[in-house]
Amino acid sequence: MKKFAKMSLVAAVAVAGLTTTSSAKALEEAIKNVDVSGTVVYRYDDQNYDHTGDVDNNKYKIGLTLKSKVNDDVTAVTRFIVGSQDDAGFVSLDHADSTKGDAQADVSLSNVYFSYTGIANTTINFGKQGLTTPWTVAIDADSNEQTGTGILALTNVGPVTLAGAYFNQTNLNTSSDVKIDGSKALGVTTKLVDGNNHVLDGDKNIITVGAMGNIGPVALDAWYLDMQDSFDSYTLGAAAKFDLDSVKLSMGIRHTELDIDDKLAGKELAKEDNSLTKVDLGAKMGIFGANVTYGWTDSEGGLAAVDNDSKAALQGWNLKLNGVADATFLKTSIDAQVLPSLNLALNYNVLDKDKINGVRGEDLTDKEYFLQASYKMSKNFGGYIRFGEVELENDGAKDNDGTVGRLQVQYSF
């Protein structure tokens, strides 16, 4: 992160809010203790499906994080989002609607918390902050973010890092990617709702604990999370990297179990076992690379996370495994670093579904394949272009094939 002598108006106002007239401290002095980091992202998506029509839109998101040193033990942290007011993701200025012009995006305060480091080997964050768990995404340059108000503590005990958190308020009522309802339609990407199709209140308490450590080249972690009157879940993960001279290998495995509470969706759904397991393997040799990930879900339920980008979930571009029961997902890619600044990749993903209760039929297969060219002009500026095809089998009683494209540009500072 960089220290700036000059700041934008938003940053200056945020810093000014951390000072008082009684301190008589000049704004210039306060700015010296502020670290600024963030991202600016523009995305254009274009989708053309046989039966669901064309969709194209412009999307924008700016994330600005300010860390101000209060004293030797306390740091004040704030994060501002220019994007969606609901989930801290992209704001979409819909090009598909010809009646709308180029609209403006609002600025919102996403995080405001204090970080205390006065205890040896310990960090305690208290206030409105990102939900840093394997089931959620706390910070994301180009997608939605889960936040909550509460306390998070991390402490190192020898080679192990222990984590514990309690939140009495979250934004999961608007920021989640999954659906839980009495009809058992768990494959639909929508908001987290209860058995009566009511959006879950944001005041549900969350308690989570975790442990992370290393044994040689292997990194291990174990987490448990309980959301009041909603669900409880645990996840176990392992990852390792090996440098074998000419070949660099990476591998990992994660297993997640999630049980829905009776009060949320009724006893019938609560009896279901939800689990998602995934194994991945990557290799890098010279300018060439390859990655393969294989995942599967329980025959009764496949819900494992509240965000499809989280560690507990698995997704490709337009296909995902999270929330799909009795399914397997194969995600593959090969790439070549043809220039120091240019990477070309071919991706092929397959989602096999033995059944989706009440939504689709039996033994269905969805596929997607796409090319991606990633260009990095400098260390802090780059982007990518994607173009591909999606084949959805028996989607809404019909096969639905589509052509999809994307342009994304990102600046980091």
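For LYS204, nonlocal amide neighbours, meaning residues 5 or more places apart or on other chains whose placed amide H falls under 5 Å from its own, are THR170. Length gained on full extension, VAL209 to LEU407, computed as 0.36 nm times the residue gap minus the Cα-Cα distance: 67.4 nm. The alpha-carbon positions of segment 231-346 define a convex hull whose volume is 100 Å³ per residue. Across segment 315-328, coupling constants 3J(HN,Hα) worked out from phi with the 6.51/-1.76/1.60 Karplus curve, θ = phi - 60°, read 8, x, 9, 9, 10, 8, 9, 4, x, 9, 7, 6, 9, 10 Hz, and Gly and Pro carry x.
For segment 294-378, dividing the convex hull volume of the Cα atoms by the residue count gives 103 Å³ per residue. Annotation: for a label point projected 7 angstrom from Cα along Cα→Cβ of ILE253, residues of segment 293-311 with backbone N closer than 14 Å are 294-296.
Given R₀ = 25 Å, what would the calculated FRET efficiency be for ALA103 paired with TYR375, taking r from the Cβ atoms and rounding to 0.05? Calculated transfer efficiency: 0.30. Most tightly packed first, judged by the mean number of other beta-carbon atoms within 10 Å of their residues, the peptides 128-136, 239-247, 301-309, 364-372 read 301-309, 128-136, 364-372, 239-247. Count Lys and Arg as plus one, Asp and Glu as minus one, and take only other residues whose Cβ is under 9 Å from that of ASN318; the net charge is then -1. Taking other C-beta atoms within 10 Å as the exposure proxy, GLU389, GLU257, GLU145 rank GLU389, GLU257, GLU145 from fewest upward. Using a cut-off of under 19 Å, list every residue of segment 132-169 whose amide N is near the label point 7 Å from the Cα of ASN121 along the Cα-to-beta-carbon line. Zone members listed by number: 153-165.
No value in this document is a laboratory result; all are computed from the given coordinates. Small disclaimer: the values here were computed from a predicted structure and weren't measured. We place every Cβ from the backbone using ideal geometry, glycine too, and count neighbours over all the protein chains shown.
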